[in-house]
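The values are calculated or read from the model by the stated rules, or taken from the named source; none is laboratory data. Computed from a prediction, not measured in an experiment: that's the story for all the values here. Here the Cβ positions follow ideal geometry from the backbone for every residue, glycine too, while neighbour counts run over all protein chains shown.
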Amino acid sequence: MAKMNMLQAINSALSIAMEENKRSCVFGEDVGHFGGVFRATSGLQEKFGKERVFNTPLVEQGIMGFANGLAALGYTTIAEIQFADYIFPAFDQIVNETAKFRYRSGNEFNVGNLVIRTPYGGGIAGGLYHSQSPEAYFAHTPGLQLVFPRNAYQAKGLLTSCIESNDPVIFFEPKRLYRASVGEVPEEKYSIPLGKAEVVKQGSDISLLAWGAQVEIIEKAAAMAEQEGISCEIIDLRTVLPWDVETVVNSVLKTGRLIVSQEAPVTAGFASEISATIQQECFLHLESPIDRVCGLDTPYPLAHEKEYMADHLKVYEAIKRSVNY
Amino acid sequence: MAKMNMLQAINSALSIAMEENKRSCVFGEDVGHFGGVFRATSGLQEKFGKERVFNTPLVEQGIMGFANGLAALGYTTIAEIQFADYIFPAFDQIVNETAKFRYRSGNEFNVGNLVIRTPYGGGIAGGLYHSQSPEAYFAHTPGLQLVFPRNAYQAKGLLTSCIESNDPVIFFEPKRLYRASVGEVPEEKYSIPLGKAEVVKQGSDISLLAWGAQVEIIEKAAAMAEQEGISCEIIDLRTVLPWDVETVVNSVLKTGRLIVSQEAPVTAGFASEISATIQQECFLHLESPIDRVCGLDTPYPLAHEKEYMADHLKVYEAIKRSVNY
Amino acid sequence: MGKLNNIDNPNNINSSDTLSLEFVSEHALSIPSFKMLDASGKMYKGAMKSTMDKKTALRIYATMRFVRVLDERMLAAQRQGRISFYMQCLGEEAAVTASAAALEDKDMIFAQYREQAALAYRGFSLENFMNQNFSNEKDLGKGRQMPIHYGSKELNYMTISSPLGTQIPQATGYAYGQKLDGEGACSICYFGEGAASEGDFHAGLNMAAVHKAPVLFFARNNGYAISTPASEQFKGDGIACRGVGYGMKAIRVDGVDALAVYEAVKMARDYAVTNNEPVLIESIAYRLAAHSSSDDPSGYRSKDEEENFRENCPIARFKSYLLKQGWLDEAQDEKAKDEIRQQVLDALKTSEKIEVPALEELVTDVYEQVPPHLQRQYEQLKQHIIKYPEAYPATAARIVSNTQEAK
Amino acid sequence: MGKLNNIDNPNNINSSDTLSLEFVSEHALSIPSFKMLDASGKMYKGAMKSTMDKKTALRIYATMRFVRVLDERMLAAQRQGRISFYMQCLGEEAAVTASAAALEDKDMIFAQYREQAALAYRGFSLENFMNQNFSNEKDLGKGRQMPIHYGSKELNYMTISSPLGTQIPQATGYAYGQKLDGEGACSICYFGEGAASEGDFHAGLNMAAVHKAPVLFFARNNGYAISTPASEQFKGDGIACRGVGYGMKAIRVDGVDALAVYEAVKMARDYAVTNNEPVLIESIAYRLAAHSSSDDPSGYRSKDEEENFRENCPIARFKSYLLKQGWLDEAQDEKAKDEIRQQVLDALKTSEKIEVPALEELVTDVYEQVPPHLQRQYEQLKQHIIKYPEAYPATAARIVSNTQEAK
Ligand SMILES: Cc1ncc(C[n+]2csc(CCOP(=O)(O)OP(=O)(O)O)c2C)c(N)n1
Ligand SMILES: Cc1ncc(C[n+]2csc(CCOP(=O)(O)OP(=O)(O)O)c2C)c(N)n1
Ligand SMILES: [Mg+2]
Ligand SMILES: [Mg+2]
């Protein structure tokens, strides 16, 4: 094992995948020689050549259109969108094309070999356009998989599974943790299954659920709550679509309480979906309303970033509200 | 009053608005001389001239970019997207630009005079790309208003309010009802407030909530249920964003039961937001889980359209499940 | 004037300089249409020698004739309420068929929706056409899309997608992969002059030039995008003149002239595959039919205009050529046409009786495997249909009988 | 050759015909750069006579000098951790300033982000620049966006938006409205050669040509889009050559030459406003600084290359011209520079002490009025901050004291 940060873990997963399979390409804005603005793809062009690892022109709808075509030919296609805030010009190619490719053709064609990597999330003084967490925009789209790693180890294992999956995936990378999350990561290949939430910590009084960088936040809040004798079960959803209802239901059947926390604005975020489903599945077992601790319903601000964010203190307060309901 | 269908009602609202305000334009694909593929804008170019009512090239991102610019100058800007399924190429212009224009500039600039009209919804044998109800994709976006008329009368009154609103709106027109919904509609101007749900019918046993064309479906289901002595309260949400929590809460506090029905796929649809909020606001008053009767989590199919749709029978069954819970 | 100073620029421009303040005119380029056959099907004096052999010529002709009959019959079926929607190729049969004929079978076809003739040329069966239009259980697309959204893996014909322009950058990506695979295949990408206004057009062409993808962009300039005339679509000289902006070779061709289209596309294919470069081809023809069965052109153009173009029929023109060549016999041709009419009628009758796909197909292919939540939704739906069979006549009978059998 | 047959086409093309099968070359157009001043600031022999008066020249010069100082100082402030982000105009000051100078005040400016010089030329105060960069409560943008995202209604400078290319069709729509208003105003729209790859570029230029909007598209071709060189961005001859594809007049200009830029943009503005038509202008310069304060160009280009261009300084070139004209005095200039340095330092110190905007501003301007749900979220947040003031130091003090006062 080696110590790696999340960028190195991602780089390692990409490198192994490209080594294994000659019919694979990595591309996006600045991902070539430069290795991407976060350097996640650094060294790949040197290793695998300019034809397989390359810069594209600055056009996200083109990147995703190109990616859909290349994946339809059977290539393992790994496209980077430089910031998740800039994925929207490609929205049509992803939501109307990628997601519906297999269905509309009756399985004559598919783009199952496609992975879209994109850094997302706030807490880096990025303001409106370098902070968004747009998963809810995609979660309403049958045909897509949405995957979030919470640390370096998860990043490599999940990305490997994304690359091997036969369905298209958007892999959301928490850029706040790119360098901050450092841990033991095997140098060799390993994978972590998609579609499975992980119970990161068992607990009995309340279930806390998050994904990506937000898992760290609920862990911090849980630590505060445990101080006061509240036993928290912590779940990392990992795959937001299609999501692991069963693991969450089992947890809530046990604890009777649930808080879902996401970075994105509360209204029509994915936390709402989880709440809607769980209130239905666990109706008779809920001891307090399911709460959502999320970003405010505003664009992502700069000067008030701290105030805006769904931080551990807000989660902690929600835990207390729920337990004292 | 005159008998009008929904297209005529919309046309009347547009015509009055353009008459009142010279600084207003209507444009989109085929909306000029031809009057739009559904003829909602027919006659307007003849009345107001080619400079104010015109065809655009076939480029939705351009239509919305152009619209944002024109609205920023203070023009009342009414842009048509030919089918809601084709709004996605304009997603970036709407979600990153329209919605954030006022906020990001500290109110130096705004596009509050913008209305996007777009026909949405299924039930017309339109398959994947002429049937979608994409409101949930926009509902996660602070800054936008999303408005749905359920009939001709509502269409004219709501559209008038949209045009007069100082915040941007997407006005979703239920194309299935364009000609089917006929009713008494005043020839003169009138408006129906945005942001207010309407209790279409009082009831005491269960609340049924929908918007747009789906209101007709829950009304049909309610009629069946009433036959069996179940008293249904029917709410037309009308404005999906920002939505009228209060009216829905008051209804559910009274009935203790809620079913939300939408055309779009269930996962991460707007029904989920309503369910998540209401379970929280009405936790101690709910007598059964909030249910969602929605489209399946698949692309919109053609041959199995009937099976796919959230029809009155499915809503009726949900009512019985809820009441017998 | 050459360069005035000697700094090498990284701006990727031709670095000559000028001291005179002048615009480059918006008319700086004007691209003529390449032609071989005149309106009567005679070779123009001075026309290039055709390289099209008799067999290819007859196959092109047979395909055009077939598609004409199919289109007439299916439009009638739509008018009778037997299918919900249809789109005709009328007026553009030569552009589509002859361009497809200039390709190899291994080449991928990305079509917009009006290119059924390319698919027919590849050998898509009459039954396949019918089954798609009737959304029945034999439709390769499993009845999910509206009529005319064909696709065939076997024939290298990408399934049609309604959102316009999306296939353009996809063709670029696909062709890029074909280049890496090194098997000498390329892609052709058809689109209308309307769709060429989409952002995806810009993306697809620019990326093809930069990444050197062997893709033939075939712009069908047929004068209209639904009701919008080309004059309200763009102000430049058609679509072909955009090629230079992308650093891409371009050619314009008379789309009513099967010979000219064939030669132009053959040359373009050669060039693309040899050099790994895209080529932009613009075909000039007229969308003689309504946009689709939902459209009524009398709202935006005159009958006179249509009549003018009706005389300029690509099939008639090519037929005259074949007759002059002695490759076709008028009487046999009439007989063949009658036969096709009968075949189409028979196929239609057979196809419309075939059941819709089984209910399961509603939830398959969303993902490679049906995920648990969709399986649950399917089971619920099945129970619901069993409860209300009259409300779901297309699927109920089979489900109820299957369920009874299972018992 | 002219037309071979006499059917009038609705395809909106120049309808000449040809019998020879030939591509239009990808090099069919090649556009020279318009110049007036040589590298040493001397007029080229044969250069056109400048129409720039002394006052304008000095204002342009002062603006460029100011922006250079501002950029240096703010980059240093970023390095010291006093602001989070910065972007310099280095190398493109002449292109931006002289183009802005060729406009009228009523003309709208749509910038990308590297055009602070245009805003400075319009008279945006040093304090305004500072307050935006420090996201304090005096920022016109209320502290919501990252540094350098300026905007001013009063000065007709549209607030910067980070997503690239979005301002292009917006400028078209805005200019269309200016045309309808009939007051002789137009818009200028700046964007990089990288952003010109976006679909919005295609949309904006095509619509401007079709709808006859008086907008000047000012492409800053500076060789790089972050690390991506122009050679990996497009294959055509820069951006200017795309004009013909849109049926739009175009011109290329040496972006290091303030005189040339000024004349080109003046001519373009005249043309645009007189004819209600767009013009495409391409400026050729070099992005001498890193892309932004987050970027390190040593990862993708050589110091040698940079040094080569450092000598080609637009400010130095223009300064020599002014000196030769006798419009500038070297000693006074040095003094003025020192003064500006001091002013910038002072303003910086003042500005960084100004508080962040009040907490309410977190929820205003999402809509014209704060809607009930946001009001509720705000109230909850306020209570939360009162409970944990140490965790929210930027806003807590004011809230707590306001709340106490209220009691
Ligand atoms: C993104 C998108 N916008 C709008 C439409 C609706 N639409 C279908 S066909 C069409 C016109 C296309 O014209 P053109 O590209 O010239 O092709 P033609 O029909 O002439 O063959 C339009 C506007 C669509 N299918 N997709
Ligand atoms: C839609 C979008 N995609 C990506 C980015 C990230 N990004 C910011 S600047 C930039 C390069 C822009 O280059 P260019 O347009 O040439 O302008 P320059 O920086 O050279 O002035 C990129 C890729 C963005 N801001 N918006
Ligand atoms: Mg057309
Ligand atoms: Mg650049």
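Within region B:138-149, is there a residue that is surrounded by fewer than 21 Cβ atoms within 10 Å (Cβ to Cβ), touching a residue at least 24 places away in the same chain (Cβ under 8 Å) and over 24 Å from B:Phe83 (Cβ atoms)? Even if it seems obvious, please write down each step before you answer.
Step one: filter region B:138-149 for residues surrounded by fewer than 21 Cβ atoms within 10 Å (Cβ to Cβ), giving none.
No, every residue in region B:138-149 fails to be surrounded by fewer than 21 Cβ atoms within 10 Å (Cβ to Cβ), touching a residue at least 24 places away in the same chain (Cβ under 8 Å) and over 24 Å from B:Phe83 (Cβ atoms).
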Looking only at helices (runs of 4 or more DSSP H) that fall completely inside region C:19-134, which ones have 3 or more residues that are free of Cβ contacts under 8 Å to residues at least 40 places away in the same chain and surrounded by fewer than 24 Cβ atoms within 10 Å (Cβ to Cβ)?
C:54-79
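If we only count helices (runs of 4 or more DSSP H) wholly inside region D:258-362, which ones have 1 or more residues that are more than 30 Å from D:Ser227 (Cα to Cα) and touching a strand residue (DSSP E or B) at 6+ places or on another chain (Cβ under 9 Å)? Lay out the reasoning, then the answer.
Details: elements: D:258-275, D:303-310, D:314-325, D:330-351.
Once the helices (runs of 4 or more DSSP H) in region D:258-362 are filtered for at least 1 residues that are more than 30 Å from D:Ser227 (Cα to Cα) and touching a strand residue (DSSP E or B) at 6+ places or on another chain (Cβ under 9 Å), what remains is D:258-275, D:314-325.
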Exactly one of (1) more than 16 Å from ligand 4 (Cβ to nearest atom); (2) buried (at least 24 other Cβ atoms within 10 Å of the Cβ); (3) over 30 Å from C:Tyr321 (Cα atoms) is unmet by C:Glu183. Its number?
(2)
Mind checking whether some residue in region A:63-82 is in the same structural domain as A:Ala139 (by TED's automatic domain parsing), surrounded by fewer than 24 Cβ atoms within 10 Å (Cβ to Cβ), more than 16 Å from ligand 3 (Cβ to nearest atom) and of a type in the set (Gly, Ala, Ser)?
yes
I'm told C:Gly223 meets every condition in (1) within 7 Å of chain D (Cβ to nearest Cβ); (2) away from ligand 1 (no atom under 16 Å from the Cβ) except one. Can you identify the failing condition by its number?
(2)
Just for helices (runs of 4 or more DSSP H) wholly inside region B:210-325: which have at least 3 residues that are free of Cβ contacts under 8 Å to residues at least 12 places away in the same chain and within 30 Å of A:Asp244 (Cβ to Cβ)?
B:270-281
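Select, from A:Gly69, A:Gly62, the only residue that is at the interface with chain C (Cβ under 8 Å from one of its Cβ atoms) and within 16 Å of ligand 1 (Cβ to nearest atom).
Details: A:Gly69 fails: within 16 Å of ligand 1 (Cβ to nearest atom).
Exactly one residue qualifies, and that residue is A:Gly62.
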Which of (1) more than 22 Å from the chain's Cα centre (by Cα); (2) within 14 Å of chain D (Cβ to nearest Cβ) is the odd one out, the single condition A:Pro289 does not satisfy?
(2)
In region C:236-255, residues that are assigned to a loop (DSSP other than H, G, I, E, B), within 16 Å of ligand 3 (Cβ to nearest atom) and over 10 Å from D:Gly245 (Cβ atoms) total 1
Which residues, counting only those in region A:230-269, are touching a Gly at 6+ places or on another chain (Cβ under 9 Å), more than 14 Å from chain B (Cβ to nearest Cβ) and among the acidic types (Asp, Glu)?
A:Glu233, A:Asp236
So is A:Val26 part of a strand (DSSP E or B), under 24 Å from the mean Cα position of the chain (by Cα) and either buried (at least 21 other Cβ atoms within 10 Å of the Cβ) or within 14 Å of chain C (Cβ to nearest Cβ) (or both) or not?
yes
Taking into account only those residues within region D:193-227 that are closer than 24 Å to B:Pro89 by Cβ and part of a strand (DSSP E or B), which is farthest from ligand 2 (Cβ to nearest atom)?
D:Val215
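Only one of C:Ala358, C:Ala347 is under 30 Å from C:Gly255 (Cβ atoms) and of a type in the set (A, V, I, L, M). Can you tell me which?
After applying the criteria, what remains is C:Ala347.
Which of the residues that make up region C:185-233 are within 14 Å of the chain's Cα centre (by Cα) and either of a type outside the set (Gly, Ala, Ser) or not assigned by TED's automatic domain parsing to the domain that holds C:Lys249 (or both)? Steps first, answer last, please.
Within region C:185-233, the subset within 14 Å of the chain's Cα centre (by Cα) is C:187-196, C:216-222.
Passing the criteria: C:Ile188, C:Cys189, C:Tyr190, C:Phe191, C:Glu193, C:Leu216, C:Phe217, C:Phe218, C:Arg220, C:Asn221, C:Asn222.
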Return yes or no: is A:Glu46 away from ligand 4 (no atom under 16 Å from the Cβ), more than 8 Å from chain C (Cβ to nearest Cβ) and surrounded by 24 or more Cβ atoms within 10 Å (Cβ to Cβ)?
no
Residues of region B:57-90 being closer than 29 Å to B:Asn107 by Cα, of a type outside the set (D, E, K, R) and without any contact (Cβ under 8 Å) to a residue 40 or more places away in the chain, which ones?
B:Val59, B:Gln61, B:Gly62, B:Ile63, B:Gly65, B:Phe66, B:Gly69, B:Ala72, B:Leu73, B:Pro89, B:Ala90
Got a sec? Which of C:Ala185, C:Ala209, C:Ala203 is hydrophobic (A, V, I, L, M, F, W, C), away from ligand 1 (no atom under 12 Å from the Cβ), facing chain D (nearest Cβ under 9 Å) and over 14 Å from A:Gly65 (Cβ atoms)?
C:Ala209
Being more than 16 Å from ligand 1 (Cβ to nearest atom), within 29 Å of D:Ala57 (Cβ to Cβ), away from chain A (no Cβ under 14 Å) and in contact (Cβ under 8 Å) with a residue 24 or more places away in the chain, is that true of even one residue in region D:294-306?
no
